[in-house]
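Scroll down for the structure; my scribbles are underneath it.
The values are calculated or read from the model by the stated rules, or taken from the named source; none is laboratory data. Note that the structure is predicted; figures quoted are calculated from it, not measured. Note: ideal-geometry Cβ built from the backbone for every residue, glycine included; neighbour counts use all protein chains shown. Each accessible area value is taken on the protein alone, full model and side chains, heavy atoms only, with ligands, DNA and RNA left out. Shrake-Rupley method; radii C 1.70, N 1.55, O 1.52, S 1.80 Å.
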Amino acid sequence: KAEDASIAKSSFLANMSHELRTPLNVILGFSQVMYRDVNVTAKQRETLKIINQSGEHLLSLINDVLEVTKIEAGKTNLTIDSFDLHYLLESLAKMLSLKAESKGIQLIFERSPDVPLYVRSDGVKVRQVLINLLNNAIKFTFEGTVKLTTTVTKTNGEELKLNFEIEDTGVGIKPTEIDLLFEPFVQTESGNSSQQGTGLGLSIGRKFARLMGGDITVTSQAGLGSTFTFTLPATSVT
């Protein structure tokens, strides 16, 4: 009965999230059109900017809830295909460099020479997990560096294990909070202080990693930064 109730809850939340997204996208669309109107005053444009930013934030929260309910309801599928891993990493570096620079921190990407150019896995989910981990690292780092190191371990023939290590010099995580870090809707003390997000990002990331046959682990010390390791089985494509 408990399992049936959990599935029913997940299905309800998934459907409700879709219903919420539709009117919200309309609000965002009209606010963007109004923002570009030449007759809008500077004060009105500032108000529209706040509306748009708040709407985008709400949409990201709804998307997180939708994603976790899809996972719980068993509706998340893998799309395995070949993709350019080097390009994926380079695009992430370009996308996140401005965010890091605006905080005065250094974003470093390193890749061992034996990391293959093309691999087979779910490229969309790999990208999503890495974006989440890197965004978190940047968000909770106020000076120093955020570094992504990509290495590979050969397992058998074309089969291999990709290792993504995200190391930061941020606020770190208390030992008492590490065990709760990947629980849905749970945020650390620093996460609550930032007043951003739902506490779902790491939970979704680990679920995606495990769905792909990998995992996410963390080592951290309060005040001295954190290291998240995302491991993933993949196939090298020649």
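Within segment 155-166, can you find the residues that are part of a strand (DSSP E or B) and surrounded by fewer than 19 Cβ atoms within 10 Å (Cβ to Cβ)?
Filtering segment 155-166 for residues part of a strand (DSSP E or B) gives 155-156, 159-166.
Within segment 155-166, Thr155, Asn156, Glu159, Lys161, Asn163, Glu165 meet the criteria.
Inspect all residues belonging to segment 73-94 and state whether any of them is open to solvent by less than 40 Å² (accessible area, probe 1.4 Å), touching a Ser or Thr at 6+ places or on another chain (Cβ under 8 Å), in contact (Cβ under 8 Å) with a residue 60 or more places away in the chain and among the hydroxyl-bearing types (Ser, Thr, Tyr).
no
Could you list, in sequence order, all residues of segment 131-161 that are of a type outside the set (Lys, Arg) and touching a helix residue (DSSP H, G or I) at 6+ places or on another chain (Cβ under 8 Å)?
Step one: list which residues in segment 131-161 are of a type outside the set (Lys, Arg), which gives 131-138, 140-146, 148-153, 155-160.
Selection gives Ile131, Asn132, Leu133, Leu134, Asn135, Asn136, Ile138, Phe140, Val146, Leu148, Thr150.
Can you report the number of residues in segment 199-227 which are open to solvent by 20 Å² or more (accessible area, probe 1.4 Å) and in a strand (DSSP E or B)?
6
Does Val152 satisfy being within 21 Å of Asp215 (Cβ to Cβ), of a type in the set (A, V, I, L, M, F, W, C), modelled with pLDDT under 90 and surrounded by 14 or more Cβ atoms within 10 Å (Cβ to Cβ)? First the steps, then the outcome.
On the way: within 21 Å of Asp215 (Cβ to Cβ): yes; of a type in the set (A, V, I, L, M, F, W, C): yes; modelled with pLDDT under 90: no; surrounded by 14 or more Cβ atoms within 10 Å (Cβ to Cβ): yes.
So Val152 does not fit the description; no.
Given the condition under 19 Å from the mean Cα position of the chain (by Cα), surrounded by 13 or more Cβ atoms within 10 Å (Cβ to Cβ), small (Gly, Ala, Ser) and over 18 Å from Leu202 (Cα atoms), answer yes or no: does some residue in segment 110-121 qualify?
There is at least one residue in segment 110-121 that is under 19 Å from the mean Cα position of the chain (by Cα), surrounded by 13 or more Cβ atoms within 10 Å (Cβ to Cβ), small (Gly, Ala, Ser) and over 18 Å from Leu202 (Cα atoms).
Based on this model, can you work out whether Leu107 counts as touching a strand residue (DSSP E or B) at 6+ places or on another chain (Cβ under 6 Å) and either basic (Lys, Arg) or surrounded by 15 or more Cβ atoms within 10 Å (Cβ to Cβ) (or both)?
Numbers: touching a strand residue (DSSP E or B) at 6+ places or on another chain (Cβ under 6 Å): yes; either basic (Lys, Arg) or surrounded by 15 or more Cβ atoms within 10 Å (Cβ to Cβ) (or both): yes.
When the stated conditions are applied, Leu107 passes them.
Going through segment 133-144 one residue at a time, which ones are open to solvent by 30 Å² or more (accessible area, probe 1.4 Å) and either at pLDDT 95 or above or outside any helix (DSSP H, G or I) (or both)? Before you say what the answer is, go through the steps one by one.
Step one: of segment 133-144, the residues open to solvent by 30 Å² or more (accessible area, probe 1.4 Å) are 135-136, 139-140, 142-144.
Across segment 133-144, the qualifying residues are Phe140, Phe142, Glu143, Gly144.
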